[in-house]
Amino acid sequence: MAMDTPALAVGDVSYWLADKVLLAPLSFTLHQHEWVWLTGPSGSGKTTLLKILAGLLAPTTGSIALRGEEMTALKPEAWRQQVAYCFQTPQLFGASVYDNLAFPWQIRQRRPDKQALRASLAQLNLAPDILEQPIADLSGGERQRVGLLRYLQFPPAVLLLDEVTSALDNENKARVKQLIRQTAQQRSMSVLWISHDPQEIDDGARIISLTRTEARQ
């Protein structure tokens, strides 16, 4: 695969619900190892776009390719292993934090290393003993970080992030951003991140902005 093949190529993707346009036609490429911010007002289709890219919604029009392979040519489970969507409010499962962080290992028939899991928690300012903590006892910010770490156990080719630091203070936002950037550099991961926080967006970074009636880059 050539290095100039985009990680994602999106061509004229739109989404309609009945006669309402939730996402106007949009085309862009996300290059390998690239980090792009997605911005725009509420109702402009940012979350709809991420759900389409993750394979959770079928676009009304357009095409999507992952490293040159059309989405329609890949099985949904194969696509979702390579394109991961981290929600603003994570859907955690099981009884404990361990259940969530161990799951990516278990589906690959590998035994999780508890020490490694505790070390990854520490990177996001989470105490090691939170590994055994019940999901029901987690705060919103803790849930966001656990949800993110679940995806970073085996980093995808493309990580889609939907305001994943909205419940965090500035210190923990910085920690999350540092870990994602470190993972992206080490594992050749591309990132498309929705944010409403102008302080979070890097100076000079590429930004894709959506509006309510049209999408523009």
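What the table shows:
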| item | result |
| --- | --- |
| Sole exception among (1) in contact (Cβ under 8 Å) with a residue 24 or more places away in the chain; (2) at positive phi for Leu101, by number | (2) |
| Single match in Leu179, Leu126, Leu131, Leu149 (criterion: in a helix (DSSP H, G or I) and touching a Lys or Arg at 6+ places or on another chain (Cβ under 7 Å)) | Leu131 |
| Criterion violated by Gly62 - all others in (1) small (Gly, Ala, Ser); (2) within 17 Å of Pro156 (Cα to Cα); (3) surrounded by fewer than 18 Cβ atoms within 10 Å (Cβ to Cβ) satisfied | (2) |
| Region 59-87: number of residues that are out of contact with any Phe, Trp or Tyr (no Cβ under 6 Å at 6 or more places or on another chain), part of a strand (DSSP E or B) and in contact (Cβ under 8 Å) with a residue 12 or more places away in the chain | 8 |
| Residue, nearest to the chain's Cα centre (by Cα), within region 123-144, restricted to residues that are surrounded by 13 or more Cβ atoms within 10 Å (Cβ to Cβ) and of a type in the set (A, V, I, L, M) | Leu124 |
| Pairs, first assigned to a loop (DSSP other than H, G, I, E, B) in region 38-58, second surrounded by fewer than 20 Cβ atoms within 10 Å (Cβ to Cβ) and among the acidic types (Asp, Glu), C-beta under 8 Å, six or more apart | none |
| Search result, residues across region 16-36 that are under 22 Å from Gly68 (Cα atoms) and part of a strand (DSSP E or B) | Pro25, Leu26, Ser27, Phe28, Thr29, Leu30, Trp35, Val36 |
| Whichever residue in region 70-109 is of a type in the set (D, E, K, R) and surrounded by 15 or more Cβ atoms within 10 Å (Cβ to Cβ) and, among such residues, is nearest to Glu163 (Cα to Cα) | Arg80 |
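Conditions tested, residue by residue: (1) among the small types (Gly, Ala, Ser); (2) at pLDDT below 95.
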site: Ala18; (1), (2): yes, yes
site: His33; (1), (2): no, yes
site: Ile52; (1), (2): no, no
site: Trp79; (1), (2): no, no
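The values are calculated or read from the model by the stated rules, or taken from the named source; none is laboratory data. Since this is a predicted model, take the numbers as computed values, not measurements. Every residue, glycine among them, receives a Cβ derived from its backbone with ideal geometry; neighbour counts consider all protein chains shown.
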